[in-house]
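Asker: This structure is in structure tokens; I'll ask about it shortly.
The values are calculated or read from the model by the stated rules, or taken from the named source; none is laboratory data. The structure displayed is predicted, hence computed values, not measured ones. FYI the Cβ positions are ideal-geometry reconstructions off the backbone, even for glycines, and counts take in every protein chain you see. The protein model used for the area step is the full one, side chains on, heavy atoms only, and it has no ligands, DNA or RNA in it. Shrake-Rupley method; radii C 1.70, N 1.55, O 1.52, S 1.80 Å.
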Amino acid sequence: MEHKINAYNNILELIGNTPLVKLNRIASKLTGNFYAKVEAFNPGHSSKDRVASYIIEEAERKGILVEGSTIIETTSGNTGFSIAMVSIIKGYDCILAVSSKSSKDKIDMLRTMGAKVYVCPAHVSADDPRSYYQVAKRLHEETKGSIYINQYFNELNIDAHYRSTGPEIWEQTNGNITHLVACSGTGGTISGTARFLKEKNPNVRVIGVDAFGSVLKKYHETGEFDSKEIYPYRIEGLGKNLIPGATDFDVIDEFIKVTDEESAHTAREIAKEEGMFVGYTSGAVMQAIKQLNELGEFNKNSNVVVIFPDHGSRYMSKIYSDAWMEDQGFFDSNRVEETQQVQF
Ligand code: PMP
């Protein structure tokens, strides 16, 4: 006899419906009310679970994927982890072409999740045959019965957030959201979420966070792709050296750029002030909030939602390593926190 057990049927049922958490101490120095959508609560610990499961299920519905099919993708790590996780449950093979900028932890994790991983040089142009875009394309052509998710140019990436993240935030704020501030990489998160929110209320201000060294802000402002904007930077998953087709620039009101250094310190501050252990781009989005606050973007009635895309455990050998921070020259004498010797 089967007993009644309150259990999920598999890990994929836990995707989405992440909590919205009020920011307290870190927000006390700012004007307005600030809430974080904490995407680390997804089972794969990032917002990319939504995209992976949605795109794969759409492909199944269309009959494109069959048992034993191979799924190929380019990824800074999070999408790869999510695709690997979904592939395990659904019985697909997973091949990932990743940037050499990705942390060793992320690459080890992907391999642990059964993915075949190709590590490609980070600082080559997108059309270079060694880039992860070109490697993924070639593998797709060479692997019979494979699909290429192509998150940077896949409209379904936007749809995934239009159908889940957007409605969740609208409900969680009871429609009282005034600002959405989110990092833009593929652009799927900010575009899909903003598209939904602006349909509900066109006055919601949407601000995208970009990196120095990326082309997004300039493109948004001028409509021109300026390769002079491109240079190496540290943050993974934020900004781009090409114009992603999965970004709907029309629903983004403006972009703001943040530095590697300030974003790293702000991520550490979120941990210390809010007890929330989140990733590098969560530091970036909070850093953007500080800058926007200085610029007078908010008033006391502002209800600002920020998206914290992933979990801090993925950055132990980077922003949460003092040695790494020192190597980058990110510690200055004013900032180094003393380790206190406690006497018992
Ligand atoms: N933060 C992290 C850690 C990411 O991996 C990504 C995705 N590349 C983003 C933010 C940006 O999300 P999106 O691709 O939806 O713009």
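Asker: Need one value: the accessible area of Ser100 in square angstrom, 1.4 angstrom probe, rounded to the nearest 10.
Answerer: Its accessible surface works out to 60 Å², give or take rounding.
Asker: Tally the DSSP beta bridges in the chain and give the antiparallel ones as a percent, rounded to 5.
Answerer: Looking only at bridges with both residues in the chain, the antiparallel portion is about 15 percent.
Asker: Convert each backbone phi in the range 21-31 into a coupling constant with the Karplus relation 6.51 cos²θ - 1.76 cosθ + 1.60 (shift: θ = phi - 60°), then list the ³J(HN,Hα) values in order as whole Hz, x for Gly and Pro.
Answerer: Result, rounded to whole Hz: 10, 5, 8, 10, 5, 5, 8, 5, 8, 10, 9.
Asker: Might you report the magnitude of the Cβ-based charge dipole of the chain about its Cα centre, with Lys and Arg at +1 and Asp and Glu at -1, to the nearest 20 debye?
Answerer: Charge dipole, the chain, about its Cα centre: 320 debye, nearest 20.
Asker: If you take the beta carbon distance between Ser100 and Asn299 as r and set R0 to 56 Å, what does 1/(1 + (r/R0)^6) give as a FRET efficiency, to the nearest 0.05?
Answerer: 0.80
Asker: Using only the Cα atoms of the chain, construct the convex hull and provide its projected area averaged over every direction, in square nanometres to one decimal.
Answerer: Taking the Cα atoms of the chain, their convex hull projects to 21.7 nm² on average.
Asker: Right, here's the next one. Solvent-accessible area of Arg130, probe 1.4 Å, all protein chains present, reported in Å² to the nearest ten, please.
Answerer: 130
Asker: When we measure straight from the Cα of Lys144, which lysines land under 21 angstrom away, once same-chain ones fewer than 8 places off are left out?
Answerer: List returned: Lys62, Lys90, Lys116.
Asker: For the range 187-194, take each phi angle, set θ = phi - 60°, evaluate the Karplus expression 6.51 cos²θ - 1.76 cosθ + 1.60, and give the result in whole Hz per residue in order, putting x for glycine and proline.
Answerer: x, x, 4, 5, 5, x, 5, 5
Asker: Where in the range 210-317 are there GluC sites (Glu not before Pro) that are in a DSSP coil and have at most 16 other Cβ atoms within 10 angstrom of their Cβ?
Answerer: Sparse-neighbourhood loop GluC sites (Glu not before Pro): Glu224.
Asker: Oh, and also: Considering only DSSP states other than H, G, I, E and B, which GluC sites (Glu not before Pro) in the range 55-145 qualify as loop sites with at most 12 other Cβ atoms within 10 Å?
Answerer: Glu67
Asker: Now, a different point. Can you compute the helix-only [θ] at 222 nm over the chain? Use -39500 (n - 2.57) per DSSP H run of at least 4 residues, normalise by all residues, nearest 500 deg cm²/dmol.
Answerer: When only DSSP H runs of four or more count, the value is -10500 deg cm²/dmol.
Asker: Sort Tyr219, Tyr315 by heavy-atom solvent-accessible area, probe 1.4 angstrom, most to least.
Answerer: From most exposed to least exposed: Tyr219, Tyr315.
Asker: Using a 1.4 angstrom probe on the protein heavy atoms only, line up Lys257, Lys290, Lys300, Lys116 by accessible area, largest first.
Answerer: Putting Lys257, Lys290, Lys300, Lys116 in descending order of accessible area: Lys300, Lys116, Lys290, Lys257.
Asker: Among the aspartates and glutamates, which have Cα under 18 Å from the Cα of Lys272 when same-chain residues fewer than 8 positions away are ignored?
Answerer: Cross-link targets: Glu261, Glu262, Asp310, Asp322, Glu337, Glu338.
Asker: If you don't mind, there's one more thing I want to ask. Using the charge dipole of the chain (Lys, Arg: +1 at Cβ; Asp, Glu: -1 at Cβ; taken about the Cα centre), state which of Ile243, Met325, Val305 has its Cα farthest towards the positive end.
Answerer: Sorting the options by dipole projection puts first Val305.
Asker: Now for a separate question. Kindly write out, for the range 59-75 in residue order, the coupling ³J(HN,Hα) from the Karplus curve 6.51 cos²θ - 1.76 cosθ + 1.60 (θ = phi - 60°), rounded to whole Hz, with x marking Gly and Pro.
Answerer: 5, 5, 4, 7, x, 6, 9, 10, 3, x, 4, 9, 10, 10, 7, 9, 6
Asker: Once amide H atoms are built 1.01 Å from N in the peptide plane, which residues 5 or more positions from Phe34, or in another chain, come under 5 Å H to H?
Answerer: The list, which skips near neighbours in sequence, is Leu23, Val304.
Asker: State to the nearest 20 debye the size of the charge dipole of the range 47-148 about its Cα centre, where the only charges are +1 on K and R beta carbons and -1 on D and E beta carbons.
Answerer: 160
Asker: What residues qualify as long-range amide H neighbours of Asp210, i.e. H under 5 Å apart, gap of 5 or more or another chain, H built at 1.01 Å from N?
Answerer: It is Ile256, Lys257, Val258, by chain and number.
Asker: Check Ser99: other-chain or 5+ apart residues with amide H under 5 Å from its amide H, H built from backbone geometry?
Answerer: Those lying under 5 Å, H to H, from Ser99 are Thr75, Cys120.
Asker: Order the following by accessible area, largest value first: Lys198, Lys22, Lys29. Probe radius 1.4 Å; ligands, DNA and RNA are ignored.
Answerer: I get Lys29, Lys22, Lys198, largest accessible area first.
Asker: Of Lys29/Lys200; Lys217/Lys290; Lys101/Lys137, which pairs sit farther than 24 Å apart, going by alpha carbon to alpha carbon?
Answerer: Lys29/Lys200
Asker: Please state the relative contact order of the chain as a whole percent: Cα pairs under 8 Å, 6+ residues apart?
Answerer: 19
Asker: So how much accessible area does Tyr280 have, in Å² to the nearest 10, using a 1.4 Å probe?
Answerer: Tyr280 has an accessible surface of roughly 0 Å² with all protein chains in place.
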